[in-house]
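Notes follow once the structure below has been shown.
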Amino acid sequence: MSTHPKDENAPENVAPEEQAPEAAESTAGEQNEAGVSEEDVLVRLARENEELKERALRLAADMENLRRRTQRDVADARAFGITNFARDMLTVTDNLQRALQAVSQEARDQAGPALKALVEGVEMTERAMLAALERHGVRRIDPEGDKFDPHFHQAMFEVENPNVPAGTVVQVVQAGYMIGERVLRPAMVGVSKGGPKGQDAAAEAPAQEDTPAEENNAEGPAN
């Protein structure tokens with residue numbers, strides 16, 4: 001047994017179970033003193049949660065746009081990657097066409113075996129060239145008889161022709177080409193003028209079709 005007298009002012013040993021409630025009460029008291037309630041904390045957490053959701057959705061949208069843009073760029077690279085090469089090959093095709101046009105039909109009929117073989121060889125080469133271009137998405141534009149379209153045609157001159165609707169392609173000087181949905185080279189054409197406009201020509205056609213019927217109606221009462 002200790003012979004030292006007990007100090008009445010010394011703190012007594014307190015069990016941990018008794019300290020925990022006191023610490024919680026102390027923390028709650030400090031929060032209440034700072035003016036922050038549990039409801040304020042929940043509101044702040046909910047707001048932060050919404051902000052995180054918006055960030056996640058925005059990031060997902062950005063990634064989707066990037067994926068689509070990348071797919072489009074890859075598709076364009078596959079479709080139009082040979083644009084410059086194809087444009088250079090058009091010069092070769094034009095030269096083959098000019099070589100064939102230089103030999104008239106009369107000269108072909110009177111040509112000997114050697115010239116005929118040469119012409120056939122050039123024709124075969126031209127067809128092979130066009131087939132190779134088509135395999136890579138390049139197709140020819142031959143708009144003769146079509147309505148002039150500045151997106152696909154380049155007017156070189158006008159031809160006076162009252163029998164053809166104005167703005168019709170009546171002559172193709174140089175064929176055009178497209179690669180995919182893009183114009184690789186517009187067709188150089190001659191355009192008609194002096195004829196009826198498209199709407200006037202369309203209006204005249206029904207009138208001409210109604211003429212026989214009117215004549216029959218006129219002949220009916222006479223009988």
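Filter region 86-109 down to residues that are part of a helix (DSSP H, G or I) and among the small types (Gly, Ala, Ser) and give me whichever is surrounded by the most Cβ atoms within 10 Å (Cβ to Cβ). Ranking the qualifying residues of region 86-109, first place goes to Ala86.
Taken as a whole, the structure leaves Arg78 outside the set of residues that are at pLDDT 85 or above and out of contact with any Cys (no Cβ under 7 Å at 6 or more places or on another chain).
All of (1) free of Cβ contacts under 8 Å to residues at least 24 places away in the same chain; (2) in contact with a helix residue (DSSP H, G or I) (Cβ under 9 Å, 6 or more places away or on another chain); (3) under 23 Å from Ile179 (Cβ atoms) hold for Val103 with one exception: (3).
Taken over region 106-135, the criterion of being of a type in the set (Val, Ile, Thr) and farther than 29 Å from Gly180 by Cα is satisfied by Val119 alone. Surrounded by fewer than 16 Cβ atoms within 10 Å (Cβ to Cβ), closer than 28 Å to Ser192 by Cβ and of a type in the set (Gly, Ala, Ser): is that true of Gly121 in this structure? In short, no. Inspect all residues belonging to region 78-85 and state whether any of them is assigned to a loop (DSSP other than H, G, I, E, B), under 30 Å from Pro196 (Cα atoms) and free of Cβ contacts under 8 Å to residues at least 12 places away in the same chain. No, because not a single residue in region 78-85 is assigned to a loop (DSSP other than H, G, I, E, B), under 30 Å from Pro196 (Cα atoms) and free of Cβ contacts under 8 Å to residues at least 12 places away in the same chain.
The values are calculated or read from the model by the stated rules, or taken from the named source; none is laboratory data. Just so it is clear, the model here is predicted, and its values are computed rather than measured. Please note: Cβ atoms are built from the backbone with ideal geometry, for glycine as well, and neighbour counts cover all protein chains shown.
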